[in-house]
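Below is one structure, written out as structure tokens; comments come after it.
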Amino acid sequence: MSLPLRSFDLFFGTGGVGKTTLATARAIQLANEGQRVLLMTIDPAKRLKDILGLNDNSAGEIAIIERLPEVGELKVPLHALLMSPPRTIQRMGEVAGVKELSQNRIVEVLARPHGGMNEILALIELQMRLKDGNYDCVVLDTPPGPHFLDFLDGLEKIRKFFDQRFVEIFTSLGRRALETPSKGLVSGLFDKVVGAGVNKLLSYLQKVTGERFVEDFLSALEVIYRSRSSFMQGLAMEERLSDPTKANWFLVTSVEQGKFHEALDIQKAAGKMHNREMYLVLNKTLSHELQDWHPNAGSSAFALRESLMNKENLLREKTRPHFAGIVDFPEILASSPTQHVKQLAHIWSKHAN
Amino acid sequence: MGESLKRLYIFTGKGGVGKTALSLAFTRWLQEQGHSATYLTLSQQALTDDTAHIDELPAGWEKVPHIHLELEAAAEGYITKKLGSALLAKWIVKTAFFRALVNMLPGFGYVISVGKILEMLHADPQLIIVLDAPASGHALTMMEATSNFREIFQSGLVFEDTEKMLAKLYDPQHTGVRIMTLPTTLAMQEALELKEAVHKLAPLNAKIYLNHSLKSWSEAIQDAPLALKEKLRLEAEVMELHSQDVAGRFAYSAHPDAAGMYQDLQAALGGLQ
């Protein structure tokens, strides 16, 4: 198979299948072929940070990697970005001139590493980085798990969020209200909300969640709304990421995992939403090695071989018709993480040519 | 062993390590020991996604008592209790405002789900819940959500409830976190990172278990291709380095069916207590 070069390589996965490691290896391979690459990753395991020489202090900033242990000097330096949601929020606030954005208590909690806004913020960060940098290819490692759809869904959520009742409320408040200090807006907003007929709802909600929360939530809405340009600009990313001539989509799964149902579900959902093809990256394949092993029928070795072979074959059989191609990565046995990534990068280069 | 049973077992770990099969097997084992146990999964998206995919139990496990917790139903139930009106609650969860709230604050859904789980445990003092939790990162989101929202709310009924919830959820006598992983260096390191993250959050001692162990297949692997021999060697290496961190090992099962798999796992399941 010959994998095309595109402006974006998106990695999705069912979680724990080596997705981040494969994305890193892909970025290294592309940089070694002379491409200017930005690798964006969210919450990688510590060993990957170690390989790339990243640490939590450098989160949110682009690290320029010229050489890697055991890999040596890269043909073109690799830019790597460890996502930091709070930093993204801060930058959004600066860009939109809404410094309260990073000070709002609700927004602050949401922007924590496990606060739940990572997917949306990743898209916004990507959009901001593309404005600054000049890249041949962005390798994007999406958050793990079947929840990756949230990531694709992120833009839809933004759209819905700004499309719905809130926009009506805010626009009906008019410019005057948006320019007054937030406290005035919040009480003004209450009046409008009363007018909009949701006063009952809010009073019930207030009883359950506390008065302070409803106020904080409304002011969170306000600062987010005032920073909406950043959110809305993120929408432009959707088209670019969905365009098959601009992006390769890789769905990563592992033979070990053998969860073809889950992989197919993801493929189906993504296909429905974006109507495009994707590659299946099959990690930790064993069948090439097992082929030449012929233990005696009835032995426990035979049972083990059958079981491992069947698992892998079933996975291939069920998934093949639904993907543009299957990209094989045999099980890497090196115990050193850098060796591991180096060998994966080598396999990528074989698939690319 | 020697430890008393917990009320809530949170099974987590990276995807594809056999978390679902192990938590189902453990539930069945608890039942067979005469305990009242149920397997439980969550769906977070019910409120926002019309086509929410409801997971069915993998074939062969249907007899294990199981609950699929729907977020919308849990939210409705919670609000009903708090406001004393099912009609109001039904209306609230259907409003655009409430949906936007859950959309924007995904952790809110977890708080409701965790609250529901704790309520079930409170209502039935004999019940043990085995929660097949989302993969690593999302499990942390779930466990963190309650304290995050306690900070957000500061007052009101939910706030009072989150206080009580945290006392239970973070109580090591009540809650056990079980991290499933694979016998490789990298998977082990990830499990250790997760264990540390859980520990930072709460005084819970998360226990790590290796699944798909090849140790009991040593003999069969003697003449196997290099890849398998290496896997076996790497597993031994992991055990040498981390033996004190590993609470138990589950052998790779060559049985494709649930019954056969349960038979293979059975003897070691007590170690999950």
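Things worth noting here:
- Karplus-based coupling profile of region B:220-225, in residue order and whole Hz: 4, 8, 3, 10, 7, x, with θ = phi - 60° in 6.51 cos²θ - 1.76 cosθ + 1.60 and x standing for Gly or Pro.
- Once the Cα atoms are used to define both axes, helix B:136-153 deviates from the longest principal axis of chain B by about 30 degrees.
- Under Karplus coefficients 6.51, -1.76 and 1.60, residue-wise ³J(HN,Hα) of region A:92-97 in Hz, glycine/proline x: 4, x, 5, 4, 8, x
- Hz values of 3J(HN,Hα) by residue in region B:108-117 - Karplus curve (6.51, -1.76, 1.60), Gly and Pro given as x: 4, x, 5, 4, 4, 5, 4, x, 5, 4
- Solution diffusion estimate, µm²/s, Stokes-Einstein, chain B, Kirkwood Rh from C-alpha pairs, 4 °C, viscosity 1.567 mPa s: 65
- Within the listed set B:112, B:129, B:152, the Gaussian network model of chain B (springs between alpha-carbon atoms below 10 Å) gives the highest mean-square fluctuation for B:152.
- Size of charge dipole - chain B - debye, nearest 20, with Cβ of Lys, Arg +1 and Asp, Glu -1, no other charges: 440
- Each label was represented as a point 7 Å from its Cα along the Cα-to-Cβ direction; for residue A:94 and residue A:129 these points are 1.6 nm apart.
- Counting, for every residue in B:149-159, the Cβ atoms of other protein chains within 10 Å of its Cβ and taking the mean gives 6.
- Accessible surface buried by the A/B pair amounts to about 5600 Å², both sides summed, 1.4 Å probe.
- Shielding by other protein chains, A:206-219, mean Cβ within 10 Å: 5
- Stretched out straight at 0.36 nm per residue, the stretch from residue B:62 to residue B:85 would grow longer than its current Cα-Cα span by 4.8 nm.
- Cα long-axis angle, helix B:185-201 against chain B (0 to 90 degrees, to the nearest 10): 30
- Pairs of Cα atoms nearer than 8 Å and 6+ residues apart set the relative contact order; for chain B it is 25 percent.
- Per-atom-type breakdown for chain B gives carbon and sulfur 54% of the accessible area (1.4 Å probe, protein chains only).
- For chain B, the longest principal axis of the C-alpha atoms and the axis of helix B:226-242 are separated by about 60°.
- The residues of region B:8-272 expose, per residue, 40 Å² of accessible area to a 1.4 Å probe.
- Virtual spin-label span in nm between residue B:263 and residue A:339, 7 Å along Cα→Cβ: 4.0
- Amide H contacts under 5 Å for residue A:325: A:280, restricted to partners 5 or more places along the chain or on a different chain, H placed in the peptide plane at 1.01 Å from N.
- Interface burial in region A:282-313 reaches 50 Å² or more for A:289, A:293, A:304, comparing the full protein assembly with the chain by itself; accessible area from heavy atoms with a 1.4 Å probe.
The values are calculated or read from the model by the stated rules, or taken from the named source; none is laboratory data. This one's a predicted model, so the numbers in the text were calculated from it and none came from an experiment. Glycine also receives a Cβ, built like all others from the backbone with ideal geometry; neighbour counts cover every protein chain displayed. For the accessible areas, the whole protein counts, side chains as well, though only heavy atoms, and no ligand, DNA or RNA atoms are used. Shrake-Rupley method; radii C 1.70, N 1.55, O 1.52, S 1.80 Å.
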